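What follows is calculated from the coordinates using simple rules that are stated; it is not laboratory data. Only a predicted model underlies this, so the values are computations on that prediction, with no experimental measurement involved. Note that each Cβ is placed from the backbone with ideal geometry, even for glycine, and that neighbours are counted across all protein chains shown.
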Amino acid sequence: MDGRQSAVATALRDPCHVWRSGRFRDRLLYYRPRILPRPYEQEYLLVVVRYIRGQGFGRIITAFKTPRIIRGDTLIWSRPNPRA
């Protein structure tokens, strides 16, 4: 996501969906659609954050585009009417 720091920050600040990873329980997955430039504007930006128990912050592990929400994870929060 070189050069896409503002998109990553927006996905963390204002996600459409937040999921807990089914594979790594210490990671939350922040999804934000329609934030990337063409030709990826219809895909999700997924930002993976690892949280350490007992600490109030996390560390970004990775960020990448994906055409859909990954299966096998647990929904934590979702925007009522995701429009963006």
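So which strands (runs of 3 or more DSSP E) stay within the range 1-68 end to end and still have 2 or more residues that are over 18 Å from Arg79 (Cβ atoms) and over 10 Å from the mean Cα position of the chain (by Cα)? Walk me through it before giving the result.
Values: elements: 17-20, 27-33, 44-51, 58-66.
Correct list: 44-51, 58-66.
Taking Tyr31 as the residue in question, decide whether it is in contact with a Pro (Cβ under 7 Å, 6 or more places away or on another chain) and either closer than 23 Å to Arg4 by Cα or of a type in the set (D, E, K, R) (or both).
Numbers: in contact with a Pro (Cβ under 7 Å, 6 or more places away or on another chain): yes; either closer than 23 Å to Arg4 by Cα or of a type in the set (D, E, K, R) (or both): yes.
Here the answer is yes, as Tyr31 does meet what is asked.
Among the numbered criteria (1) touching a Phe, Trp or Tyr at 6+ places or on another chain (Cβ under 9 Å); (2) touching a residue at least 24 places away in the same chain (Cβ under 8 Å), which single criterion is violated by Tyr30?
(2)
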